[in-house]
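Just below is one structure, and these are the notes that go with it.
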Amino acid sequence: MLNQSNHFDVLIEPWKESDLELLHRLNSPEMLKHLGGPETEEQVLRRHHRYVNLKGGEAGRMFRIVLLPEGFSVGNIGYWERVWEEETVYEMGWGVLPQYQGRGIARAAAKAAVEHARLEKKHRFIHAFPSVDNPASNAICQKLSFTLSGACDFEYPPGSIMRCNDWFLDLALISNEPTEGS
């Protein structure tokens, strides 16, 4: 577990079986407007099963985002393996419940998740593929010093092509030293 501060404390904890209710709360039209809309109950259950089993760093990790000191679960964040441009990299994604957005929570959680991926020393690059129409997620990538490779067509959900920005971070170049504004 890593603790990151940004006007408040955020903790990321490994996803567990009891986090299904949080996944249901994240599966809303407002939350998924840039990702093709809400999933069916069957899709949510499959996703939850994948999240529960993404642990130990074998193929990635999934976390719930906890706001401290309250202890509220306010979102999720994670990274997983994917082949991108003929190389195995990590892809990362996140979601923060609407009432907690705009407070730097996703940025703090993303910083902690990137640090987890860096410490694993498994893949050199981590990518994020926010929709070109999602200014908040693109801003998070920029604030965390990801490099914008450019816009690309990305299949998500399966069978649907969306226009995304390909942001990447070289995990080998990240130090664990605090940066200004951290």
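No lab work stands behind these numbers, since they all come straight from the coordinates. Quick caveat: nothing in here was measured; it's all calculated off a predicted structure. All Cβ positions, glycine included, derive from the backbone under ideal geometry; neighbour counts span all protein chains shown.
Computed from backbone phi, the HN-Hα couplings of the range 70-80 come to 4, x, 6, 7, 10, x, 9, 7, x, 9, 8 Hz, rounded to whole numbers (Karplus: 6.51 cos²θ - 1.76 cosθ + 1.60, θ = phi - 60°; Gly and Pro given as x). The GluC sites (Glu not before Pro) of the range 81-182 that meet both conditions, a loop assignment by DSSP and at most 12 other Cβ atoms within 10 Å of the site Cβ, are 85, 86, 180.
Could you line up 131, 18, 149 from fewest to most neighbouring Cβ atoms inside 10 Å? Could you put the intermediate results ahead of the total?
Values: 131 19, 18 10, 149 13.
Lowest to highest Cβ neighbour count: 18, 149, 131.
Starting with the fewest neighbours, write out 40, 147 ranked by other beta-carbon atoms found within 10 Å of each beta-carbon.
On the way: 40 9, 147 12.
Final ranking by Cβ density, sparse to dense: 40, 147.
When only alpha carbons of the range 2-173 are considered, Rg and Dmax amount to 15.0, 43 Å. Summing +1 for each Lys or Arg and -1 for each Asp or Glu among the other residues whose beta-carbon sits under 15 angstrom from that of residue 150 gives -2. Put in order of Cβ neighbour count within 10 Å, fewest first, the listed residues 83, 96, 10 become 83, 96, 10.
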